[in-house]
Amino acid sequence: MKIDFLNELNSSQLQAVKHIDGASLVIAGAGSGKTRVLTYKIAYLLSQGISPASILALTFTNKAAKEMKERIGQLVGYQLSRYLWMGTFHAIFSRILRNEATHLGYTKNFSIYDTSDSKSLIKSIVKELQLDEKVYKPAYILGRISQAKNQLITPKAYYENADYQKYDLQNRVPRLREIYSAYAARCRQADAMDFDDLLVQTNVLFGQFPEILAKYQQNFAFILVDEYQDTNFAQYLIVKKLSEQHQRVCVVGDDAQSIYSFRGANIDNILQFQKTYQNAKIFKLEQNYRSTKNIVNAANSLIDKNSEQIRKTIFSEKNEGNRIKVSGVLTDFEEGFLVASQISELHRKKRLSYADCAVLYRTNSQSRVMEESLRKQTIPYRVYGGLSFYQRKEIKDVISYLRLVVNPHDEEALKRVINVPARGIGDTTVGKVLNTAQLQGVSAFTVLTDMLKYNLPVNAGTATKLANFRDLIQNFSDQITALNAYELANNLVKATGIIGDLHDRSAENLSRIDNIQELLKAVHEYVETKKTEGLEFAGLADFLSEVSLLTDQDNDKTEQEERVTLMTVHAAKGLEYNTVFIVGMEEDLFPSPFAETLRELEEERRLFYVALTRAEERCCISYAKSRFRNGKTNFSNPSRFLKDIEPQYVDFDTEQYYASPKPRRDWDEEVSIERNLFRKENTPSTDGERLSFSPTRKLSKISSSSDAQPIEKENLPVGCFVKHSLFGIGKVLGITKVEGCERASIDFGEKGVKSLLLKFAKLEILK
DNA sequence: TGTGGATGCCTTTTT
DNA sequence: GGCATCCACA
């Protein structure tokens, strides 16, 4: 096999690729060719004659796995690459768990509960225990359970641990341990695992069955892990166990981009790698191929302020590039306008494609204002995040039906669809069924199979309705090996009448029907794909096992569209754009007010680091003095992180505002004057017009102000005329100096006499 | 059993 | 401001 592809690597990349005996840690700085090292390393292993089936490569997203597999296929041929064990932790280990399910007391067809299933189950349990749902909030409870699971703490261990009990008592949820126990029991009863269980049960499997562990240890001669900084304890331990004998493990990651600790990711896994693997060799990839020198240096100066990190010197050999532009504006609306104007200008003047621009924000809720501004200037955009395809109600409903057919004990699926479309089985009845199931120690569906035997207290009419529903599901369950996934799904959608229920042709319903058709199409494609891979029969169970671990990031819709990208910084990790706008760079937003400890604050700083390093050539940061959030206007100061970037890499648009830790009084006065003016001008117009109105005038000035110099005192003799974007034309009455800042007193006629800071005010001198 | 107005709550989220 | 949820009522 040809291995001249290795020529495409630089020397440190090559060293990392060629080190295949023993553990190695590849610290890959942003834009340093991390994925390239991983893919080429695997290709290299294959070229050395290693069997693809003995290589395990773990990623965090399906997308990453898919892209890597594709690339490796190109390098060494698909005949080899298709046999690689490459996928997300969850996908790979759910596959292994299905094969070994019976050892653990599950069936091969166990369901996978997603987050909403888990929350719904917790809600039921909280109700059954007659606890207050306001105190025992499902999201919080699930978070705690998830934390426990990540640490591999069983319900029993949790129940018996005095520290947890104390902690929960302090947080006024003393009975959390009972909920955890009940939750685990109910999942088992339903033959279901939640996302965390996929990792927990893998650990249980490997811990309790040494011979099974040995089997996989021998099978996986090489283990590679992408984004290692994001692994949690359960994942760390799986990798450790599997590589115990041969130690041929290669992990790739960047501690500076660890931004998922809130999901249990433990940055110590990467920081302490050498302690776990004593003879581990470390490779550092320090050349950034993505960004200009200025951006790389700015990002370096930022991350340097973090205490916990693996020191490295990231450098760029690209050109110097522009400085990062930081703009301060009054409101979030202005910020939107500013960004839209800048994009528009870049598109017109520099012929920059919209697809090369991204707007990044800390929270999803910030997208709304941005979207509005972009629409106003007719700039095409696409928002990432939000509700995924698989989370949509109608899709979840159909999937739940499919799940129930494959695994009738799946309680969450049953609860979801038993009355969809409405068939007269209300909450009361469902409650009775669930209650009876609890009393009898069987699953809800089992109760339906013999309502008399289990003493279900319903009248004859209700019993008939329940029996009809049961028969519907049973009928399809019986055909599970006779019909393939598509035939079954298609028939099921027809038989349940789920589409008929959406008959009134409102736009909403039409889109729902579309979505269901889309899903059926996906099932069809799945069956066809499997056929081309030589699998004659692709059953519903197979389809479900894959689809439940899919998110819509994996949909192939990432094609080159001429659109601006809007997404959270988290979602942007791993991506790159020519021009990046980071908006909402304010205290109480970025860093998030939830970040209290130093560790959390450092994670926020890493998040900002991730944002900066997405940019190839141009990076514009903005912050607003006031922002509409949670139904009210909040005021805040520029983010402390702005000061963490060395000033030589940055151009501040509103320097003096930034420079003072607390906004100056006089500046505040000016703000309030302008604010009132805004209000006055805006009141008569309708909501829709409001935005295209006065901020436009004001900001058209700001947006082109990169070339506008602050006005010097010398250029502004008393008596000369100036034009202000808001106040109009005025006459200079005099210049005074207050606290080292020059202010001009200007008579704007009807609008009154204003005192403006020269450094700040955008004045045009009229000749 | 289904609907509507009042109430409460908000981060980030690869799986 | 917007969404989900809850209780009150038809």
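What follows draws every value from the coordinates through simple rules; no lab data is involved. What you see is a predicted model; the values in this text were computed from it and never measured. A quick note on method: Cβ atoms are made from the backbone with ideal geometry, for glycine too, and the neighbour counts reach across all protein chains shown.
The shape of region A:332-410 can be summarised by an equivalent ellipsoid whose semi-axes, obtained from the alpha carbon gyration tensor, come to 39, 13, 9 Å from longest to shortest. Sparsely packed loop sites in region A:568-627 (the GluC sites (Glu not before Pro) outside DSSP H, G, I, E and B with at most 12 other Cβ atoms within 10 Å) comprise A:596. Count Lys and Arg as plus one, Asp and Glu as minus one, and take only other residues whose Cβ is under 12 Å from that of residue A:484; the net charge is then -2. Phi angles across region A:320-337 convert, under the Karplus curve 6.51 cos²θ - 1.76 cosθ + 1.60 with θ = phi - 60°, into 3J(HN,Hα) values of 4, x, 6, 6, 6, 9, 10, 10, x, 10, 7, 10, 5, 5, 5, 4, x, 5 Hz, Gly and Pro given as x.
Extension gain, residue A:601 to residue A:102: 0.36 nm times the residue separation minus the Cα-Cα distance gives 175.2 nm. As a rough footprinting exposure proxy, the listed residues A:172, A:188, A:290 were ranked by other beta carbons within 10 Å of their own, and the order from fewest upward is A:172, A:188, A:290.
By the equivalent-ellipsoid construction on the alpha carbon gyration tensor, region A:1-46 comes out with semi-axes of 16, 13, 9 Å, ordered largest to smallest.
Short version: ³J(HN,Hα) in whole Hz for each residue of region A:75-83, in order, from phi by Karplus 6.51 cos²θ - 1.76 cosθ + 1.60 (θ = phi - 60°), x for Gly and Pro, what are they? Once rounded to whole Hz, the list reads 6, 10, x, 6, 4, 8, 5, 5, 8. Distance from the C-alpha centroid of region A:38-76 to that of region A:255-269: 24 Å, rounded to the whole angstrom. Placing +1 on the Cβ of every Lys and Arg and -1 on the Cβ of every Asp and Glu, with no other charges, gives region A:66-200 a dipole of roughly 120 debye about its Cα centre. If you plug the beta carbon distance of residue A:463 and residue A:391 into 1/(1 + (r/R0)^6) with R0 = 30 Å, you get a FRET efficiency near 0.35. Taking amide H atoms as placed 1.01 Å from N in the peptide plane, the amide H of residue A:316 lies under 5 Å from those of A:288, each 5 or more residues away in sequence or on another chain. Scanning residues 5 or more positions from residue A:111 or on other chains, those with amide H under 5 Å from its amide H are A:192, A:193, with H placed 1.01 Å from N in the peptide plane. Subtracting the Cα-Cα distance of residue A:19 and residue A:160 from their residue separation scaled by 0.36 nm leaves 46.2 nm. Within region A:1-77, the trypsin sites (Lys or Arg not before Pro) that combine a DSSP coil assignment with at most 11 other C-beta atoms in a 10 angstrom radius are A:2. In whole percents, the pair-distance distribution calculated for region A:140-225 from its alpha-carbon pairs, binned every 5 Å from zero, is 3, 12, 20, 21, 15, 11, 8, 5, 3, 1.
For region A:296-366, what does the alpha-carbon gyration tensor say about shape, rounded, prolate or oblate, given a ≥ b ≥ c as the root eigenvalues, a/c under 1.5 as rounded, and a/b over b/c as prolate? Note, shape of region A:296-366 comes out oblate. Ordering A:47-58, A:218-229 by mean Cβ neighbour count within 10 Å, with the highest value first, yields A:218-229, A:47-58. Per the Cα gyration tensor, region A:120-273 maps to an equivalent ellipsoid with semi-axes of 32, 19, 13 Å, ordered largest to smallest. Using the Cβ of residue A:52 as centre and a radius below 12 Å, the other residues enclosed give a net charge of +2, where K and R count +1 and D and E count -1. Spin-label pair residue A:629-residue A:481: with each label point 7 Å from Cα along the Cα-Cβ axis, the two points sit 5.7 nm from one another. Positive contributions from Lys and Arg (+1) and negative ones from Asp and Glu (-1), summed over other residues with Cβ under 10 Å from the Cβ of residue A:413, come out at -1. With R₀ fixed at 51 Å, the C-beta to C-beta distance from residue A:281 to residue A:128 puts the FRET efficiency at about 0.40.
Would region A:340-462 count as rounded, prolate or oblate if I go by the C-alpha gyration tensor, calling it rounded below 1.5 in a/c and otherwise prolate when a/b exceeds b/c, oblate otherwise? Because a/c hits 1.5 or more and a/b exceeds b/c, region A:340-462 counts as prolate. Centroid-to-centroid, using Cα positions, region A:299-339 and region A:588-627 are 9 Å apart. Taking label positions 7 Å along the Cα-Cβ direction at both residue A:293 and residue A:378, the computed distance is 4.2 nm, reported to one decimal. What residue among A:165, A:142, A:153 has its Cα farthest toward the positive end of the dipole of region A:125-165, where the charges are +1 on Lys, Arg and -1 on Asp, Glu, each on the Cβ? Most positive-ward Cα: A:142. Over region A:60-155, the ratio between the Cα radius of gyration and 2.2 N^0.38 Å evaluates to 1.51.
Compared with the alpha-carbon gap, the fully stretched path from residue A:449 to residue A:514 is longer by 20.0 nm at 0.36 nm per residue.
Using a Förster distance of 60 Å, how high is the FRET efficiency between residue A:720 and residue A:435, based on the Cβ-Cβ distance and rounded to 0.05? That gives a FRET efficiency of 0.10.
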